1. If you go through the range 141-154 one residue at a time, do you hit one that is under 17 Å from residue 59 (Cα atoms), in contact with a helix residue (DSSP H, G or I) (Cβ under 9 Å, 6 or more places away or on another chain) and in contact (Cβ under 8 Å) with a residue 60 or more places away in the chain?
2. Please tell me if residue 179 is surrounded by fewer than 18 Cβ atoms within 10 Å (Cβ to Cβ) and in contact with a strand residue (DSSP E or B) (Cβ under 8 Å, 6 or more places away or on another chain).
3. If a residue counts only when it is away from ligand 2 (no atom under 16 Å from the Cβ) and farther than 15 Å from residue 129 by Cβ, which strands (runs of 3 or more DSSP E) contained entirely in the range 74-118 have at least 1 such residues?
4. Out of 225, 251, 264, which single residue is free of Cβ contacts under 8 Å to residues at least 40 places away in the same chain, in a strand (DSSP E or B) and within 16 Å of ligand 2 (Cβ to nearest atom)?
5. When the range 170-203 is examined, which residues are found to be more than 26 Å from residue 290 (Cβ to Cβ), part of a strand (DSSP E or B) and within 14 Å of ligand 2 (Cβ to nearest atom)?
6. Could you list, in sequence order, all residues of the range 75-107 that are more than 27 Å from the chain's Cα centre (by Cα) and within 20 Å of residue 273 (Cα to Cα)?
Ligand code: FES
Ligand SMILES: [Fe+2]
């Protein structure tokens, strides 16, 4: 029996619930010896070399409606809106006439109107204004910024594989003082889970981690982590797989247990410098839940699986991870 099969067998129960024995936080097995900085660093370096085609995820699809939405990506102010057909448009937020912030404009019959003198932008090139390539993957909105990315541009972004069939999604966005790589490095350290987030994880074990090699095929470049998500004293044991399909994306996929096929995509997008001159980065976290259980949509409401993430109960988890990333940034910028 495979390692994974063994785990499945161990955990296969008719109910995904488990009552967790009370475990003292300080009595857990320390993980610092396994969490070798060289392994995390090598995984980070490999992720940083993967191509992005200069695409940046900057918002959840559903936050962009038929009104202007402003965002800063890599120090570039962009404005996004949808036209009458729901097509996503993204372009510079500075009006080419006298510089008004187009994110404070109005969308009328699918066109963006500048608030200062009424310049009307239909989404094409107009009056020196030029749209950026935009992409809507149904969960996230992306913009391609070739001057910021500096890579070979591609027609579409690298969107991680998502669950097929019935699925529900929710997107959270937080901004911290760090660089995108700090956010990715945090996720490439699965060993901190049960120590740093005892309110969410228990019985975390890193079953396999990629070696500290500089070169490794993407298929082999993953961490396999049996973990129990818990909500109060109830726990849902799953096996999670972490991989980095790009330099600013981490995917956690449930590969065994309740909600198999569900993914949590973490996108780290540079925002630009803050008023203090330090970099700001946005963490855009998309939870895309999937279950083969019948009545999945109802099940989502009733069962713990990944639903607490979708309800926003994971806010603390993500705030703490952002604090980790900010701390990492401070420590390395001192050094
Ligand atoms: S500043 Fe936009 S139309 Fe004048
Ligand atoms: Fe974490």
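Here, each number is a calculation from the coordinates, and none is a lab measurement. Since we're looking at a predicted model, the values are computed, not measured. When we count neighbours, we look across all protein chains shown, and the Cβ atoms used for this are built from the backbone with ideal geometry, even at glycine.
1. Yes - at least one qualifying residue is present in the range 141-154.
2. It is false that residue 179 is surrounded by fewer than 18 Cβ atoms within 10 Å (Cβ to Cβ) and in contact with a strand residue (DSSP E or B) (Cβ under 8 Å, 6 or more places away or on another chain).
3. Correct list: 76-82, 88-92, 106-108.
4. 225 is the lone residue from the list that is free of Cβ contacts under 8 Å to residues at least 40 places away in the same chain, in a strand (DSSP E or B) and within 16 Å of ligand 2 (Cβ to nearest atom).
5. Listed by number, the list holds a single entry, 176.
6. 94, 101
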